[in-house]
Amino acid sequence: MEDIYLFRKELQNLGYCKTVINSYPKQAAKFLKHTRKEHLEIKNEDIADYYSYLKTIISPRTKKPLSESYLHTILLAIKLYFDYLQRTGIIKTIPYGLKIKTPKSEERKVFTREEIKKLYNKSSPLQTILLHLCYACGLRRTEASELKIKDIDLENNVLYIRKGKGKKRRVIPFTKQVQKEIRNYLEEREKNKEESLLNITAERIYTEFNYLLIKTKLSHQGFTLHCLRHTIATQLLEQGMELEKVRDFLGHEYLGTTQIYTRVISYK
């Protein structure tokens, strides 16, 4: 089918990994074959019925029903396919309105805005900078620990991550409030001639954040330092930022990795 072929090209142009490029169009084609309907005829019930059908399949490899994670991948492929059809004008509306929950194994725990405020209110000067770097700027803890003073442009409000995960380089903008806090932090430690902004290890960052969770009474809710990245990613997507831009902000290699943060598809 031409639409399936063009969908594959779309995934390729958007920068998805080879696994997604090869498998998602095939999953969309299988769904269409199962329904035996044209695009405009497909309704919510067709996808729900297909989900029920998938749950009856026994994997030839594991001899067990298909995992929730794999079912979610199949349904994500279908969603992206219909998103593509709508974006290109082939259909006017997406043929489903169900909000299907992502399998628990793939959920990304995020802080509420109130919890983020609580973290800032209880933080020490060092912990405030950590929040700015790992939340407002979405850095990984290793990136935060390795950030050099020369990598911070306080005039233009940007950070230069020169060696992120996978050796990816990126430029991250930050707000005037972050600029002010970083400037104050640097002035306080002006006598310290260390080249590193924080001069602490990634392990120390982890420890400091755990102290902050204890101070804010959030330590028993399953939060980790990495949840700060989950939170800013989710908030940016909720605010309407394009997925490709969020990918670049986080330093992901593939869009599929960033797609997890959308957390809006569920078929249960």
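Computed from the coordinates by the stated procedures, all read-outs in this text should not be read as laboratory data. This one's a predicted model, so the numbers in the text were calculated from it and none came from an experiment. So basically every Cβ, Gly included, is an ideal-geometry build from the backbone, and we count neighbours across all protein chains shown.
Remarks
- Here the Kirkwood formula puts the hydrodynamic radius of the chain at 20.9 Å, using every distinct Cα pair.
- Every pair of different Cα atoms in region 1-155 enters the Kirkwood calculation, which places the hydrodynamic radius at 19.2 Å.
- Choice from VAL171, VAL110, VAL246 showing the highest fluctuation, given a GNM over the chain with Cα pairs closer than 10 Å: VAL171
- Calculated FRET efficiency for the pair CYS17/SER124, C-beta based, R₀ 45 Å, to 0.05: 0.65
- Each residue of region 241-248 is assigned a 3J(HN,Hα), and the resulting list reads 5, 5, 4, 5, 6, 5, 4, 5 Hz, derived from the Karplus form 6.51 cos²θ - 1.76 cosθ + 1.60 (θ = phi - 60°), x at Gly and Pro.
- Normalising the average separation of contacting C-alpha pairs (under 8 angstrom, six or more residues apart) by the number of residues puts the relative contact order of region 113-250 at 33 percent.
- Highest average packing first - 17-25, 125-133, Cβ atoms within 10 Å: 125-133, 17-25
- Counting all C-alpha pairs of region 113-250, share separated by more than 19 Å (%): 50
- If only the Cβ of Lys and Arg carry +1 and only the Cβ of Asp and Glu carry -1, the dipole of region 2-98 around its Cα centre is close to 420 debye.
- Between 0 and 90°, nearest 10: helix 202-215 axis offset from the chain longest Cα axis: 90
- Cβ-Cβ FRET estimate between LYS245 and LEU40, R0 fixed at 30 Å, reported to 0.05: 0.40
- The calculated FRET efficiency for the pair LYS26 and ILE214, based on their C-beta separation and a Förster distance of 30 Å, comes to about 0.05.
- When the Gaussian network model of the chain links Cα atoms closer than 10 Å, the mean-square fluctuations of ILE74, ILE91, ILE47 top out at ILE91.
- Each Lys and Arg Cβ is given +1 and each Asp and Glu Cβ -1; about its Cα centre, the chain then shows a dipole of about 660 debye.
- With contacts taken as Cα pairs under 8 Å at a separation of at least 6 residues, region 2-98 carries a relative contact order of 30 percent.
- Comparing mean-square fluctuations of ARG141, ARG61, ARG113 from a GNM of the chain with C-alpha springs under 10 Å, the top value falls on ARG61.
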